[in-house]
1. What is the set of long-range amide H partners of Ile36 at a cut-off below 5 Å, with H atoms built 1.01 Å from backbone N?
2. Starting from the eigenvalues of the Cα gyration tensor, five times each then square-rooted, give me the equivalent ellipsoid semi-axes of the chain, largest first, whole Å.
3. Taking the Cα centre of the chain as the origin, how large is its charge dipole in debye, to the nearest 20, when only Lys and Arg (+1) and Asp and Glu (-1) carry charge on their Cβ atoms?
4. When the helices in the chain are scored as -39500 (n - 2.57) per DSSP H run of 4 or longer and the sum is shared across all residues, what 222 nm value do you end up with, to the nearest 500 deg cm²/dmol?
5. Residue by residue through the stretch 154-167, which ³J(HN,Hα) values in whole Hz follow from phi under the Karplus form 6.51 cos²θ - 1.76 cosθ + 1.60 (θ = phi - 60°), with glycine and proline marked x?
6. Would you be so kind as to identify which of Ala55, Tyr179, Ala168 lies farthest towards the positive end of the dipole of the chain, taking Lys and Arg as +1 and Asp and Glu as -1 on Cβ and the Cα centre as origin?
7. Once neighbouring chains are kept in place and the probe is 1.4 Å, which whole percent of the accessible area of the stretch 1-105 is contributed by carbon and sulfur?
8. Shape of the stretch 93-167 from its Cα gyration tensor (a ≥ b ≥ c, root eigenvalues): rounded if a/c is under 1.5, otherwise prolate when a/b > b/c, or oblate?
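The values are calculated or read from the model by the stated rules, or taken from the named source; none is laboratory data. Quick caveat, the model's predicted, so the values are computed rather than measured. Cβ placement follows ideal geometry from the backbone for every residue including glycine, while neighbour counts extend to all protein chains displayed. Remember, those area values only see protein heavy atoms, side chains included, never the ligands or the DNA or RNA. Shrake-Rupley method; radii C 1.70, N 1.55, O 1.52, S 1.80 Å.
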Amino acid sequence: MLAVAVLVSGSGSNLQALLDASAGDPGFGSRIVVVISDRPGVSALERATRAGVPAEVVRWVEFGDRESFSVAICDTAERYGAEALILAGFMRILSPTAIDRYPNRIINIHPALLPAFPGAHAVPAALAHGVKVSGATIHFVDEGVDTGPIVVQAAVPVLDDDTEATLAARILAEEHRLYPEAIRLYAEGRLEIEGRRVRMRRAT
Ligand code: GRF
């Protein structure tokens with residue numbers, strides 16, 4: 001079983017999808033050993049507690065600089081024996097130190113078809129640009145912002161009458177389907193990174 005820490009900042013619906021997958025499926029291959037939020041009072045923390053998973057807060061405001069915040073995140077994850085960090089709606093950028101401590105072991109989900117619309121405002125940016133298709137991307141985290149090797153993507157249509165809320169909800173539904181599947185593949189050791197490309201080994 002791969003021990004993972006899930007990093008959150010908000011509602012935690014992706015965390016919930018991962019919790020449900022790990023509770024409902026012995027083949028999931030990962031155990032969520034801790035949920036870490038960068039702020040207190042978010043519903044993701046309640047979801048963790050409800051599922052019986054330890055919930056920790058590493059407050060961004062207490063550190064204020066990316067490096068010491070990232071070190072504190074890694075220290076907390078390691079204290080629980082986490083072998084990988086799963087970012088699920090986590091709105092902070094980790095420092096290169098965190099990438100070194102968890103090399104190719106940090107995974108993020110992003111609500112756009114990367115490399116289009118990286119950053120914190122992907123859904124409004126896609127709408128504003130007028131694209132007809134957007135979606136969700138799961139990728140390994142490197143030192144850039146939403147630039148790491150792509151594991152899997154799912155596309156959704158952008159409809160004429162979409163608002164930010166309706167498009168975000170359509171993308172989120174795909175995220176909830178995609179993330180547990182990607183983490184299962186990762187835990188099975190089936191993701192191979194070759195440069196920018198992530199290949200999926202066949203199940204043996
Ligand atoms: C998701 O759309 C995720 O891709 C983005 O923030 C949203 C978080 O949703 N980074 P939740 O906290 O998992 O509900």
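1. Val6, Leu7, Val8, Glu56
2. Working: eigenvalues 121, 80, 63 Å².
Semi-axes from the Cα gyration tensor: 25, 20, 18 Å.
3. Numbers: 20 positive and 25 negative charges, 96 e Å.
With Lys and Arg at +1 and Asp and Glu at -1, about 460 debye.
4. Working: 7 runs with 76 residues, N = 204.
That calculation yields -11000 deg cm²/dmol at 222 nm.
5. After applying 6.51 cos²θ - 1.76 cosθ + 1.60, I find 9, 9, 10, x, 9, 8, 4, 9, 5, 10, 4, 5, 6, 5 Hz.
6. Of the options given, the answer is Tyr179.
7. Values: 2250 of 4500 Å².
It is 50 percent, rounded to a whole number.
8. Working: a/c = 3.30, a/b = 2.36, b/c = 1.39.
Because a/c hits 1.5 or more and a/b exceeds b/c, the stretch 93-167 counts as prolate.
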